[in-house]
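The values are calculated or read from the model by the stated rules, or taken from the named source; none is laboratory data. The structure displayed is predicted, hence computed values, not measured ones. Note that we place each Cβ from the backbone using ideal geometry, even for glycine, and neighbour counts take in every protein chain shown. These accessible areas exclude ligands, DNA and RNA; they are computed on the full protein's heavy atoms, side chains included. Shrake-Rupley method; radii C 1.70, N 1.55, O 1.52, S 1.80 Å.
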Amino acid sequence: MWGALTRRERLSAWFGAEVEIEARPGGRATFTWPDGTERAAVVEAVEPRRLLVLRWLPFLRGPGGSRPQTPGLIRFVLRPTLGGTRLTVTESRVSDELPVDLVGHRRLESPQFEGRTSLRALATTGRRQ
């Protein structure tokens, strides 16, 4: 099942878009739909055979040019089950001002952001802190 998330031809087959992906933290992913619309993402977290987290970049490219989009995280979690593997996909919005090093998953210290959600917590537990 891990290959269905990390191998471009397998991910493309079920995602509905042609996908190029570098499945490593900091790697790039590009999704191109049949109408020519394209959206890029950055790989935020990888735990082989368990977790893949992507961050959508804040724009969408299409035949008519680029337009802004809300950044977001897509979290793919694989869990073994008696019958095989369960895949849970969660997409959430991300504020541009979150004080987090998204690649290193370290919360940046700044008093003005006290109480904000740690993206590391979201990536590893799916829950806000």
Output ordering of 76-83, 17-24 (per-residue mean of other Cβ within 10 Å, highest first) is 17-24, 76-83
For segment 1-100, dividing by residue count, accessible area per residue (probe 1.4 Å) in Å² works out to 56
Which residues qualify? For residue 27, with a placed amide H closer than 5 Å and at least 5 residues away or on another chain, they are 43
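Let me know the shape class of segment 10-103, please: from the alpha-carbon gyration tensor, a ≥ b ≥ c as square roots of the eigenvalues, rounded when a/c is under 1.5, otherwise prolate if a/b is greater than b/c, or oblate.
The shape class here is oblate.
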